[in-house]
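Here's the structure we're looking at; comments come further down.
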Amino acid sequence: WGVLGHATVAYVAQHYISPEAASWAKQVLNDTSDSYLASIASWADNYRLTAAGKWSAPLHYIDAMDDPPTSCNLDYERDCPEEGCSISAIANYTLRAGNSQLSTAQTAEALKFLVHFIGDLAQPLHDENYEVGGNGIAVTFNNYSDNLHSDWDTYMPAMLVGGSSLADAKGWAGSLVDEISSGAYKKQAKKWTKGDDISNTIKTASRWASEANALVCTVVMPDGAAALQTGDLYPGYYNSAIGTIELQIARAGYRLANWLDQIYKKKVAKQ
Ligand code: ADE
Ligand code: ZN
Ligand code: ZN
């Protein structure tokens, strides 16, 4: 996702995180503002662009070697290479965030990576190898020539919200929280975190990734990539996709809150 998506995931998480885990995260991040997670949610995207952070670029996705739209499937052993992927990164930084032997700076880094990677994992094209996660699929969106990946990351969310600032993210998160707490997501939300377990990170993150990967076949390119290159993706395709984008952002935020709660609880119990 772009800045808007990541910050929105973070604001949703800030709403559902326990007060105890929230004050721990604020202390580690040295930020007591009401944007303590949203402000750091895109740090990993800036870091990957630096010479020092280049190594972390593969950790933003897992390239499922499947065959959409005919078959979507994701297999951690098959699809996560030696250099790492989003699933192995979530496992690693979950351990590090909970490790009381590490410095505050190291714990902060782990939190910054986790907030970002749990967001990215929910973007279906970050769980897909086809044309480098859609980066190689040239399309037109609202009269602009771009690619399918950037439409999912950035342009479709921005079209929905009308901007990409932290204030825009806060507003979007507010409406997603309403849907989770009392609206369209209320019944399903409890199931979103069912079985999520920081003692079983690979299994949990693989389940999240498989769920997002399946959307590549049902929503992202149900009729193949060529069908997306015959005309403007706005408004028809946008309307078919935007509900899934909202669902994936809401889910990621809700899961992130529960994940940070679990990390903090286990950390305190060990002390
Ligand atoms: N680079 C390689 N594969 C990618 C993917 N699935 N998403 C984003 N960037 C990538
Ligand atoms: Zn992306
Ligand atoms: Zn990213």
Residue that is farthest from residue 267 (Cα to Cα), among those in the range 115-140 that are surrounded by fewer than 23 Cβ atoms within 10 Å (Cβ to Cβ) and within 16 Å of ligand 3 (Cβ to nearest atom): 135
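Here's the yes/no breakdown for (1) in contact with a helix residue (DSSP H, G or I) (Cβ under 7 Å, 6 or more places away or on another chain); (2) touching a residue at least 12 places away in the same chain (Cβ under 8 Å); (3) within 16 Å of ligand 1 (Cβ to nearest atom); (4) over 17 Å from residue 204 (Cβ atoms):
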position	(1), (2), (3), (4)
58	no, yes, yes, yes
62	yes, yes, yes, no
65	yes, yes, yes, yes
68	yes, yes, yes, yes
77	no, no, no, no
82	no, no, yes, yes
87	yes, yes, yes, no
90	yes, yes, yes, no
94	yes, yes, no, no
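Table: residues versus (1) part of a loop (DSSP other than H, G, I, E, B); (2) out of contact with any Gly (no Cβ under 6 Å at 6 or more places or on another chain); (3) surrounded by fewer than 21 Cβ atoms within 10 Å (Cβ to Cβ).
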site: 8; (1), (2), (3): no, yes, no
site: 15; (1), (2), (3): no, yes, yes
site: 25; (1), (2), (3): no, yes, no
site: 33; (1), (2), (3): yes, yes, yes
site: 49; (1), (2), (3): yes, yes, yes
site: 55; (1), (2), (3): no, yes, yes
Any hit, the range 36-43, residues being of a type in the set (Ser, Thr, Tyr), crowded, with 21+ Cβ neighbours inside 10 Å, in a loop (DSSP other than H, G, I, E, B) and within 16 Å of ligand 2 (Cβ to nearest atom): yes
Residues satisfying the stated conditions in the range 11-36, i.e. closer than 23 Å to residue 248 by Cα and of a type in the set (Phe, Trp, Tyr): 11, 16, 36
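All of the numbers you see were taken from the coordinates with simple rules; none came from a lab. Quick caveat: nothing in here was measured; it's all calculated off a predicted structure. Methodologically, a virtual Cβ is constructed for each residue, glycine included, from the backbone with ideal geometry; neighbour enumeration extends over all protein chains shown.
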